[in-house]
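Step one of this worksheet: look at the structure below.
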Amino acid sequence: MPGQVELRRDGNIAVIVVDNPPVNALSHDLRTGLIDAFTRARDDATVEAIVLAAAGRTFIAGADITEFDKPPTVPTSMDVIALIDGIGKPVVAAVHGTPLGGGLEVALGCHFRVAAPGTKLGLPEIKLGLIPGAGGTQRLPRLVGMEKAAQMILTGNPIPAKDALAAGLVDEIVEGDIVAGGIAFARKVLAEKRPLRRVRDRDDKLAALRADPKAFEEIVAAHLKRGRGLHAPAAAIKALRWALDVPFDEALRRERETFLELRGGDQAKSQRHIFFAEREAAKVPGLGPDVKAREIRRAAVIGAGTMGGGIAMCFANAGIPVALIETSEDALKRGLGIIEKNYRATAARGGLTEAQVGERLALFNGVTGLDQVAGADMIVEAVFEDMDIKRQVFEALDRFAPAHAVLATNTSYLDVDAIAQTTKRPAAVVGMHFFSPANVMRLLEVVRGAQTAPETLATALAVGRKIGKVPVVVGVCHGFVGNRMLRARSVEAERLLLEGALPQDVDSALTDFGFPMGPFAMSDLAGLDISWRMRKAQGARAEIADQLCEAGRFGQKTQKGFYLYEQGSRTPRPDPEVEALIVATSKRLGIARRPFERQEIVERLVFPMINEGARILEEGIALRAGDIDVIWIHGYGFPVWRGGPMFHADTLGLPYVRDRLAAFARQTGDPRHEPAALLTRLASEGRGFGSLPKG
Ligand code: 3H9
């Protein structure tokens, strides 16, 4: 018996326990072990029922994703499930932790399911650009009905055990040891002579829907809309439909075929890259197991503006009491009012109960005066982006913050080392760069200063994870990783306007590429005045944007920016006045205008970002190319199915990216477009960014 699967006896019950740390992924060896164990239990006449459970932190959490780049091998998960399903004695899955994907599909192939409290069950394949490939699209709707199944499969979000019980996905929730609970349940099934209930034979929850095909369209419509650009959602909807229209075995065959097709495609490869890159980002050189994160029992956020309020909400959402500090009662009242409004809006959408809103609000302590940081273990400064103001705040923090406190700055551009120098404890200072809206966006750039202590960094990372963010460590430079690359894109977007494109051409090229918004619609949303002020401070100029600001066009808030907005609408409408201004500016500057193909627009915007990303890697500002990809996907809406800018470059092939950049450099005369040394070297060696050491 392979070491990963144990078969033992408890009287007339066979107990099969899988043990493949860390998450009991359904690897080739595990599948082989399961076939062996189930065959023996099936053929042993003295065994009357079988319990399947897992050792460690979770029941099987899915297929082994590391096998997805190799050809499939037998026995497949389908073989395992078909064997279990066909056994003529009760098979009980006793699940705990996170039975996900292929793991849940194995449980669905069993005749009964019990779960430990706290279990989260789901089919997250869609998040990997896939559909369930071992019967999930066929068995889940039979068991829980189409609406619930569609929601689980198309969002990929798991459901808690008590919801699973209510939906009929599990038969019982068992307290205490899960294996003992599974055995007790199996004995009950035998004592009560319960008939075997094969999920494949169920039809009670689907029959009504079959008679009303329109109802199916309604159930899936909203999900299809959200899956713009992705192949997997449409494929999953098609597969769910087979549960109504196609015989079970034929539906399984088609599901498998679709799964394998998606698995081999670029979208799934990109999403797998991001799955592993997110986990890689958590590994930081110099932060071994000996470096312990400090516990954060209380936090303080300085500044109750949009960013500060959103950051404070992140703490409260994770159950951490937070002092929200402002300079005046008025500003405080305004900030707390917006926070309450946000929570009420979430409650109105059904995202929180009224009681939960009350619990969250109770965690806020709105106060004035920086001396109020005295009780906090972590302080996040989110005041106006101005070095003098930040310095004043940190000088005060040095006086009032507890000696053990982490002092974090939410600066987007400024020098974290210079900020740290204003204190007598630079080792306690770290950047925690949140993205707007801070309570929604998952990215957190954790900026490691020259003197940031390992414990400080570890604490910022641990808190980031606790509040539901994807933290990525970056080094100090102007704009860190994300905004520095964004700047390369913005410069180019403006240049495209001068050379012949219009805002709507640029924006639609990028939304077609997969971004949720183009750069000009985005600027209008954020407010043009913010970057205008920053440019003025640096003595820089953006021809078109500056003229718009000088004309009082600050974007959505003034109903005019790069576009026009009707009262109360956020829909951008092209404005002939802006077009005239752009054309006149090109003329004044002596730039000949010409038409642009969409692909050229995309390349002109995305390739300079990749080039800047390569420089960021050369300078060690980012540890790995995958970190940059994670930053762009979670902070800037880069389409996940393209795997992030650096992975996208590898997919296109670096020689192509290098040659195009060299052509842009000649065309525009901008030396920033000269391909970065790292990019040039990798391209000439026939390598990609993904081949670089992982740091
Ligand atoms: C599928 O099942 C297809 C089927 O429908 C069809 C089959 C034919 N494989 O996340 P963590 C590694 S598709 C390989 O930090 P947590 C992970 O890389 C799959 N490795 O832990 C990490 O390694 P390292 C459907 C995996 O406690 C380590 O385990 N299932 C897999 O925060 C710890 O992971 C999923 O999509 C895997 N399946 O979260 C579930 N899973 O330490 C994917 C994890 O070297 N997994 N690893 O960096 C998860 O969502 C989370 O890992 C889980 C635990 C919630 C389970």
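The values are calculated or read from the model by the stated rules, or taken from the named source; none is laboratory data. Values in this document were obtained by computation on a predicted structure and should not be read as measured data. Glycine also receives a Cβ, built like all others from the backbone with ideal geometry; neighbour counts cover every protein chain displayed.
Among the residues of the stretch 373-398, count how many are outside any loop (DSSP other than H, G, I, E, B), touching a residue at least 12 places away in the same chain (Cβ under 8 Å) and either out of contact with any Asp or Glu (no Cβ under 7 Å at 6 or more places or on another chain) or of a type outside the set (Val, Ile, Thr) (or both). First the steps, then the outcome.
From the stretch 373-398, those outside any loop (DSSP other than H, G, I, E, B) are 373-375, 378-381, 387-398; that's our starting set.
In the following step, the residues that additionally are touching a residue at least 12 places away in the same chain (Cβ under 8 Å) were identified as 373-375, 378-381, 387, 390-391, 393-398.
Among the residues that remain, those that are also either out of contact with any Asp or Glu (no Cβ under 7 Å at 6 or more places or on another chain) or of a type outside the set (Val, Ile, Thr) (or both) are: 373-375, 378-381, 387, 390-391, 394-398.
The qualifying residues number 15.
For Trp242, which of the numbered conditions (1) touching a helix residue (DSSP H, G or I) at 6+ places or on another chain (Cβ under 6 Å); (2) loosely packed, with under 15 Cβ neighbours inside 10 Å; (3) not basic (Lys, Arg) fails to hold?
(2)
Quickly run through the stretch 616-663 and pick out the residues that are outside any loop (DSSP other than H, G, I, E, B), crowded, with 24+ Cβ neighbours inside 10 Å and in contact with an Asp or Glu (Cβ under 6 Å, 6 or more places away or on another chain).
Gly626, Val630, Met646, Phe647
Hand me the list of helices (runs of 4 or more DSSP H) wholly inside the stretch 490-558 holding 1 or more residues that are touching a residue at least 24 places away in the same chain (Cβ under 8 Å) and closer than 22 Å to Gly637 by Cα.
The qualifying helices (runs of 4 or more DSSP H) are 503-513, 519-526, 528-538.
Only one of these is touching a Phe, Trp or Tyr at 6+ places or on another chain (Cβ under 9 Å) and not charged (D, E, K, R): Gln138, Gln151. Name it.
Values: Gln151 fails: touching a Phe, Trp or Tyr at 6+ places or on another chain (Cβ under 9 Å).
Selected residue: Gln138, the only one of Gln138, Gln151 that is touching a Phe, Trp or Tyr at 6+ places or on another chain (Cβ under 9 Å) and not charged (D, E, K, R).
Checking the condition in a helix (DSSP H, G or I) and modelled with pLDDT of 95 or more, which residue from Leu140, Leu224, Leu209 passes? Spell out how you get there, then give the answer.
On the way: Leu224 fails: modelled with pLDDT of 95 or more; Leu209 fails: modelled with pLDDT of 95 or more.
Being in a helix (DSSP H, G or I) and modelled with pLDDT of 95 or more holds for just one of Leu140, Leu224, Leu209, which is Leu140.
Between a first residue in the stretch 38-57 that is of a type in the set (Val, Ile, Thr) and a second residue that is modelled with pLDDT of 95 or more and part of a loop (DSSP other than H, G, I, E, B), which pairs have beta carbons less than 8 Å apart while being 6 or more apart in sequence or on different chains?
Thr46/Asn12; Val47/Asn12; Val47/Lys89; Ile50/Ile87; Ile50/Lys89; Ile50/Pro90
Taking interchain pairs and intrachain pairs at least six residues apart, which have beta carbon atoms under 7 angstrom, with the first residue in the stretch 13-34 and small (Gly, Ala, Ser) and the second within 14 Å of the ligand (Cβ to nearest atom)?
Listed pairs, sorted by first residue: Ala25/Ala61; Ala25/Gly62; Ala25/Ala63; Ala25/Asp64; Ser27/Asn20; Ser27/Asp64; Ser27/Glu67; Gly33/Gln4.
Consider the stretch 249-297. How many of its residues are without any contact (Cβ under 8 Å) to a residue 60 or more places away in the chain, assigned to a helix (DSSP H, G or I) and either over 20 Å from the mean Cα position of the chain (by Cα) or over 18 Å from Gly464 (Cα atoms) (or both)?
Number satisfying all stated conditions: 6.
Quick one: Leu510 ticks every box in (1) hydrophobic (A, V, I, L, M, F, W, C); (2) in contact with a Gly (Cβ under 6 Å, 6 or more places away or on another chain); (3) surrounded by fewer than 20 Cβ atoms within 10 Å (Cβ to Cβ) except a single one, so which number is it?
Single failed check for Leu510: (3).
If only one of Gly118, Gly86 is without any contact (Cβ under 8 Å) to a residue 12 or more places away in the chain, assigned by TED's automatic domain parsing to the domain that holds Val170 and surrounded by fewer than 22 Cβ atoms within 10 Å (Cβ to Cβ), which one is it?
Gly86
Take the stretch 343-359 and flag every residue that is surrounded by fewer than 18 Cβ atoms within 10 Å (Cβ to Cβ) and of a type outside the set (A, V, I, L, M).
Arg344, Thr346, Arg349, Gly350, Gly351, Thr353, Glu354, Gln356, Gly358, Glu359
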